[in-house]
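Below is one structure, written out as structure tokens; comments come after it.
The values are calculated or read from the model by the stated rules, or taken from the named source; none is laboratory data. All of these numbers come straight from a predicted model, not from anything done at the bench. When we count neighbours, we look across all protein chains shown, and the Cβ atoms used for this are built from the backbone with ideal geometry, even at glycine.
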Amino acid sequence: MPTEQYLNAVLLLLVSIAAVNDLATRRIPNRLLLTGLSVALVLHLLSAEPGTALLRAFSGLGLGLAVFLPFYLLRGMAAGDVKMMAVVGAFTGAALAFEIAVLTWCAGGVMALVLVVARGRLRQTIGNIGRMLLGLVTLGHGAIVPAQDKSAGTMPYGVAIAIGTVAVLARHYG
């Protein structure tokens, strides 16, 4: 079995465990992510071209981190979600990590809309998004952005990352 198949199998297991844990506890354990990252790096080292494979892993890790970090900095996402996307990128490389991120954003958007409507918090959510955007636009211009009233609720974004990952892997390899 080629290394790529092992990478995909372990990645599917990782995102499944993370999604279930995120649903149950609203947390993605660092131990799970560190184990996943370690397995990804070892499998890349065991590939036919370890130098190229490691470069692909680190570029994917960097891209996964870079695309989700701004949302964490704007308080729109938890740190575990950012770290999970970085680890997913270490498995897949930058190109697939970007595809996964785009599908994750789509799945997360649908999930978020369903949750805020079901919880009756649409108005509050729109206000929070407005404050986040104001903070982004005025960043570094000395403007004071009013604090968020309160969160419109948490969402297990690990589920969205799992959906995006499974969809991309199924399309590419299924």
Qualifying residues in region 28-56 (those that are small (Gly, Ala, Ser) and either touching a Leu at 6+ places or on another chain (Cβ under 6 Å) or not in a helix (DSSP H, G or I) (or both)) - the one modelled with the highest pLDDT: Gly36
Take Gly135 and decide whether it is farther than 16 Å from Ile161 by Cβ, assigned to a helix (DSSP H, G or I) and in contact (Cβ under 8 Å) with a residue 60 or more places away in the chain. yes
Restricting the first residue to region 1-16 and requiring it to be closer than 18 Å to Thr52 by Cβ, which pairs with a second residue that is surrounded by 15 or more Cβ atoms within 10 Å (Cβ to Cβ) meet a Cβ separation below 7 Å and a spacing of at least six or different chains? Thr3/Leu43; Thr3/Ser47; Tyr6/Leu43; Leu7/Ala40; Leu7/Leu43; Leu7/Phe91; Asn8/Leu169
Could you say whether any residue in region 82-97 is without any contact (Cβ under 8 Å) to a residue 24 or more places away in the chain, assigned to a helix (DSSP H, G or I), hydrophobic (A, V, I, L, M, F, W, C) and over 22 Å from Val10 (Cα atoms)? no
Over region 57-81, the set of residues of a type in the set (A, V, I, L, M), more than 13 Å from the chain's Cα centre (by Cα) and in a helix (DSSP H, G or I) is Ala57, Leu73
